[in-house]
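Q: To start, I am sharing the structure in question, which I have written as structure tokens.
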Amino acid sequence: MKSIIVIGAYCPDTERKQLLENCINSLQPIRKDFDILISSHVHVPEHIIDKVDYYFYDKDNELITDWDLMNTPWFSPNDNLTIVSSLTSNYSTYLAVFKTLINGMGCAKNLGYKIAHWVEYDSFFTDYDDFYDNINILK
């Protein structure tokens, strides 16, 4: 059985839909060895879906707004300073992002794939060695 490439996508606007299509187009040269699944919280245009094997749409794009549940990401602008704060926005996307990952990888597993590769929709590939190297490592 082929391996599968799972693309996590949140593309609510034209610019991000184009990035997703560019990603999928860049993967076409290795389609003989890999299937492709898109996992998304927003609808993907049909002309893009036609270029992949599977499409998983989850209508829930739940954002976390409860202060007690907000994650505290950190940023270190230099060795002497680390900033830990939930105050970068009024919500957290962690739940939505993890659901996209879990839904996509879960679908791949349920479809019988033994090896799955996760990529983000704004990736673009000209070299495919890492995909093949990962298959060998995972075996």
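The values are calculated or read from the model by the stated rules, or taken from the named source; none is laboratory data. All of these numbers come straight from a predicted model, not from anything done at the bench. So basically every Cβ, Gly included, is an ideal-geometry build from the backbone, and we count neighbours across all protein chains shown. Protein only, heavy atoms only, side chains kept; ligands, DNA and RNA dropped before computing areas. Shrake-Rupley method; radii C 1.70, N 1.55, O 1.52, S 1.80 Å.
Q: Based on this model, can you work out whether Ser39 counts as at pLDDT 70 or above, in contact with a Leu (Cβ under 8 Å, 6 or more places away or on another chain) and closer than 23 Å to Ile102 by Cα?
A: Yes: the conditions hold for Ser39.
Q: Just to be sure I understand, how many residues within segment 93-139 are among the charged types (D, E, K, R), modelled with pLDDT under 95 and open to solvent by less than 80 Å² (accessible area, probe 1.4 Å)?
A: 1
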